[in-house]
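Trainee: Shown below is the structure under consideration.
The values are calculated or read from the model by the stated rules, or taken from the named source; none is laboratory data. Owing to the predicted nature of the structure, the values given are computational and were not obtained by experimental measurement. When we count neighbours, we look across all protein chains shown, and the Cβ atoms used for this are built from the backbone with ideal geometry, even at glycine.
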Amino acid sequence: MSAPDLILETGSQQDNTAQAGPVMITPPINDDYWAWRVKLSDAQAIVGFPKFMTIGIGFAQEEDWNTNLPYTCETEEIFRHIAHNKGDDSISDDACRTAIDMVRAAARAALTPPEPSCATCEDSPPRGFTCNSCGRGAA
């Protein structure tokens with residue numbers, strides 16, 4: 001699959017990280033455990049999934065299980081860390097990087113609170129915020 005053919009899919013995976021006091025245990029990750037997926041071939045995809053109160057990014061099919069990094073890492077760092085699990089030489093490295101970028105952007109958008117804007121603050125600015133457009137409100 002070439003980069004223009006890549007499609008970001010959205011799932012509804014909840015965070016299944018087990019927690020006992022301060023200890024967190026990796027959730028039961030498999031190729032169906034994802035919140036975002038970009039298929040790279042019939043058998044392989046880049047997935048973003050909830051893990052340890054963040055979003056991990058890795059390949060859906062892994063030879064080396066549980067190889068992923070948080071979405072806050074740079075694309076190239078994630079790619080270098082997971083590349084050995086690509087499993088199919090016909091998948092280009094650039095397609096993998098593009099897919100990682102797509103999942104990172106989706107995770108960032110989902111986990112970053114929206115900034116107030118004139119459309120939401122015109123009548124009453126949100127408490128504790130200053131509108132980036134009109135300057136109303138108080139931070």
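Trainee: With respect to Gly87, determine if the residue is of a type outside the set (Ser, Thr, Tyr), at pLDDT 80 or above, surrounded by fewer than 17 Cβ atoms within 10 Å (Cβ to Cβ) and over 28 Å from Val23 (Cβ atoms).
Mentor: Details: of a type outside the set (Ser, Thr, Tyr): yes; at pLDDT 80 or above: yes; surrounded by fewer than 17 Cβ atoms within 10 Å (Cβ to Cβ): yes; over 28 Å from Val23 (Cβ atoms): yes.
So Gly87 fits the description; yes.
Trainee: Right, another one. Pairs please, first residue from the range 41-55 and of a type in the set (Gly, Ala, Ser), second anywhere and surrounded by fewer than 21 Cβ atoms within 10 Å (Cβ to Cβ) and assigned to a strand (DSSP E or B), Cβ atoms under 9 Å, 6+ apart in sequence or on different chains.
Mentor: Every condition considered, the pairs that remain are Ala45/Glu9; Ala45/Lys39.
Trainee: If you check Ser124 against the conditions, is it farther than 27 Å from Ile55 by Cα, modelled with pLDDT under 90, in contact with a helix residue (DSSP H, G or I) (Cβ under 8 Å, 6 or more places away or on another chain) and not aromatic (Phe, Trp, Tyr)? So that I can check it myself, show each step before the final result.
Mentor: Details: farther than 27 Å from Ile55 by Cα: yes; modelled with pLDDT under 90: yes; in contact with a helix residue (DSSP H, G or I) (Cβ under 8 Å, 6 or more places away or on another chain): no; not aromatic (Phe, Trp, Tyr): yes.
No; evaluated as a whole, the condition is false for this residue.
Trainee: Let me ask another. When residues of the range 90-102 are filtered for being touching a helix residue (DSSP H, G or I) at 6+ places or on another chain (Cβ under 9 Å) and surrounded by fewer than 16 Cβ atoms within 10 Å (Cβ to Cβ), how many remain?
Mentor: Within the range 90-102, the subset touching a helix residue (DSSP H, G or I) at 6+ places or on another chain (Cβ under 9 Å) is 92-101.
So of that shortlist, the ones also surrounded by fewer than 16 Cβ atoms within 10 Å (Cβ to Cβ) come out as 92-94.
Selection size over the range 90-102: 3.
Trainee: Which members of the range 42-72 meet the condition of being surrounded by fewer than 16 Cβ atoms within 10 Å (Cβ to Cβ), modelled with pLDDT of 90 or more and in contact with a helix residue (DSSP H, G or I) (Cβ under 9 Å, 6 or more places away or on another chain)?
Mentor: Across the range 42-72, the qualifying residue is only Thr72.
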